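The values are calculated or read from the model by the stated rules, or taken from the named source; none is laboratory data. If you're wondering where the values come from, they're calculated on a predicted model, not measured in any experiment. Cβ: placed from backbone, ideal geometry, glycine included. Neighbour counts: every protein chain shown.
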Amino acid sequence: MIVEIINKKRLGKILSKKELENFFNGYLRGEVADYQMSALLMAICIKGMTDKEIFDLTDIFIKSGETFDFPGIEVDKHSTGGVGDKTTLIIAPIVSSLGVPVVKMSGRGLGFTGGTIDKLESIPGFRTDLTDLEIAKQKKEIGIVITSQTKNLVPLDKLIYSLRDVTGTTESIPLIATSIMSKKIASGADKILIDIKVGDGALIKKEKDAKKLAQLMKKIGKFHHKEVRCMTTNMDTPLGTSIGNSLEVIEAMEILNNKEDNYLRRLCIELASEMVSMGKDISVEEAKIQVEESIRSGKAYQKFLEFVKYQGGDLQKLKVSDQRIEVKSKKAGTIKKISAKDIGNLSVSLGAGRIEKEDKIDPTVGIVLNKRVGDQVLEKETLCTLYINKEINIEQIEEIFVIE
Ligand code: URA
C-alpha cells in the first residue's frame, strides 16, 4: 500500500484523501519509515500536487494536532524566513497600538534564517512559553502576545519540515504552502498576511515561484474562509543593518523610536498597513496614515515596552558582546552586493544561529553592517562590525561585499 502510493505519485497520478491520510498519519504514528516519506516528498517535489490534494493535505496537517481559537478577530503575519528579518518585533506593536489585536505563535530560527522567538529570548527574563490561559488574558489586557509554538500545533509539520530540510525537498511550492497555511489556520488567525521573501537568502529564489506560492496560499485560505494577502519582498541582501539576536532587538527599537528612516522602516510600514487594513476593514492608504502616526507619536514604541514588560522581559539587561572586530575594505569603490545567504551563514558561525535544532545560540553576538548596497567605500574603511565571543578568522569576510 505504502509503496503503491509512492509509485502513484512518482508517475504523476493524483492521490485521494484516504491515501494521503494513510501515508501521512501513518508517518505520524511511526508506521511509515523516514525513507518512505522522503521518497514521497521527492515525488511531490518533482510531480507537484493538484489543488484538491493540497487542500486535503493541509486539512490532514491541521488535524494532526491541537487547534486554537481565542475570542475576537485576529490578524496574523508570517514571513517565509530571511536574514535580519526583525519585522514582527516592529509590526506587532504598531498594529496592536491601533486597536487590532495580535496573537502570534512564532518559531525559532534554523540554518541561516533567524527566528522571532530567539530574538525575543535575547531579552533577559522574556517568557515565550505562555499557556493558553495566559495568552487569552494577555490578549484581553494589552492586545499583543508573541509566544512560541506549543508542542501540539501541527506536529506533522514539525516532523516533515525536519525531514525536508535534509532531503532536498524544502523548495516544493505545494509543501511550503501546506506547511505555512496549516500552522496559521491551526493557530486561530482569521486574517493572514504572508511576507514571501524572494532572493539569494530566501527559500524562494524567483519572482514567478513567489507568485505561484501566493496564489496557492490564497486558495487554501479561501477554502478555510480566511482572508489571505501576500506581499513579495526582497531577500538578496540582509534586512536592516543588524543580524544577531540582541542586535536586532536594538535595531527594532530604533525604528519604533523614530531613530531610523530606511528600507526596513518603509517595509514595516507597508506590512503593518496591510494588517491594519485587514483588521479594521479600511483601505491600505487610510491604514498607512494611522500606522505612520503611531510610530511618529511614540504610541507603537510604548506598546512594545508594555508588551516586553508584560512577558517578563527586562530591556535594561539586554546585552551585546563587548568583543568587536571591524572588517575593513581592501579597496575603494561602490558596494554592488552583500549576499544575505553569506551574511546569514557568517552569523551562524559566530553563534547567533543554529545548524542543528538542539544547538544553543549566543544572543550577544552578530554583525552590524556599516555599509549597505549602493554605498561608496574607501580603502580601509569599515564594511561591517562583528560582535564575537570566540576566535574567528576574518580573512574571507571582506569577500561577502562585492565592490566595483
Ligand atoms: N516556512 C514554513 O513554515 N514552512 C515552509 O515550508 C517554508 C517556510
(request) Give Phe304, Phe401 a once-over and let me know the one that is aromatic (Phe, Trp, Tyr), closer than 23 Å to Leu89 by Cβ and crowded, with 21+ Cβ neighbours inside 10 Å. (result) Phe304
(message) Please go through the range 251-295 and give me each residue that is within 23 Å of Val365 (Cβ to Cβ) and touching a Ser or Thr at 6+ places or on another chain (Cβ under 7 Å), ordered by number.
(response) Glu251
(request) Mind listing whichever residues of the range 184-204 are charged (D, E, K, R) and either more than 16 Å from the chain's Cα centre (by Cα) or modelled with pLDDT under 90 (or both)? (result) Asp190, Lys191, Asp200
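Evaluate the range 178-196: report whether one residue or more is surrounded by fewer than 16 Cβ atoms within 10 Å (Cβ to Cβ) and either under 25 Å from Ser339 (Cβ atoms) or touching a strand residue (DSSP E or B) at 6+ places or on another chain (Cβ under 7 Å) (or both).
no
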(message) Tell me yes or no: at least one residue of the range 134-144 is more than 13 Å from the ligand (Cβ to nearest atom), in contact with an Asp or Glu (Cβ under 9 Å, 6 or more places away or on another chain) and not in a helix (DSSP H, G or I).
(response) yes
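Does Gln215 satisfy the condition of being at pLDDT 95 or above and closer than 24 Å to Lys280 by Cβ?
Spelling it out, it is not the case that Gln215 is at pLDDT 95 or above and closer than 24 Å to Lys280 by Cβ.
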(request) Being surrounded by fewer than 19 Cβ atoms within 10 Å (Cβ to Cβ) and among the small types (Gly, Ala, Ser) is the filter here, so list the residues in the range 132-174 that pass it. (result) Ala136, Ser162, Gly168
(request) Would you please name the residue that is farthest from the chain's Cα centre (by Cα), looking only at residues in the range 346-382 that are surrounded by fewer than 18 Cβ atoms within 10 Å (Cβ to Cβ) and not charged (D, E, K, R)? (result) Leu378
(request) Consider Phe112 carefully, then state whether it is modelled with pLDDT under 95 and either at negative phi or within 24 Å of the chain's Cα centre (by Cα) (or both). (result) yes
(request) Would you mind stating whether Ile176 is over 17 Å from the mean Cα position of the chain (by Cα), within 19 Å of Asp59 (Cα to Cα) and hydrophobic (A, V, I, L, M, F, W, C)? (result) no
(message) So, in the range 167-205, exactly how many residues are farther than 28 Å from Phe70 by Cβ and more than 12 Å from the ligand (Cβ to nearest atom)?
(response) 7
(request) Give the residues of the range 286-327 that are within 24 Å of Asp85 (Cβ to Cβ), among the aliphatic types (A, V, I, L, M) and more than 25 Å from the chain's Cα centre (by Cα), sorted by residue number. (result) Val327
(request) Could you look through the range 257-285, keep only residues that are surrounded by 19 or more Cβ atoms within 10 Å (Cβ to Cβ) and hydroxyl-bearing (Ser, Thr, Tyr), and pick out the one that is farthest from Asp85 (Cα to Cα)? (result) Ser277
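Would you check if Lys212 is without any contact (Cβ under 8 Å) to a residue 60 or more places away in the chain, surrounded by fewer than 23 Cβ atoms within 10 Å (Cβ to Cβ) and within 15 Å of the ligand (Cβ to nearest atom)?
For Lys212, the condition - without any contact (Cβ under 8 Å) to a residue 60 or more places away in the chain, surrounded by fewer than 23 Cβ atoms within 10 Å (Cβ to Cβ) and within 15 Å of the ligand (Cβ to nearest atom) - is met.
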(request) With the checklist (1) more than 17 Å from Gly72 (Cα to Cα); (2) in contact (Cβ under 8 Å) with a residue 24 or more places away in the chain in hand, flag the one item Ile135 doesn't pass. (result) (1)
(message) Under 9 Å between Cβ atoms, which residue pairs at least 6 apart in sequence (or on different chains) link something in the range 71-89 that is within 29 Å of His225 (Cβ to Cβ) and among the hydroxyl-bearing types (Ser, Thr, Tyr) with a partner that is assigned to a loop (DSSP other than H, G, I, E, B) and within 15 Å of the ligand (Cβ to nearest atom)?
(response) Ser79/Asp85; Thr80/Ala202; Thr80/Leu203; Thr80/Met235
(request) Could you grab me the full set of residues in the range 383-404 that are under 27 Å from the mean Cα position of the chain (by Cα), polar (S, T, N, Q) and part of a loop (DSSP other than H, G, I, E, B)? (result) Asn389
(request) Take the residues in the range 145-161 that are more than 16 Å from the chain's Cα centre (by Cα) and within 13 Å of the ligand (Cβ to nearest atom), then tell me which one is nearest to Thr131 (Cα to Cα). (result) Leu153
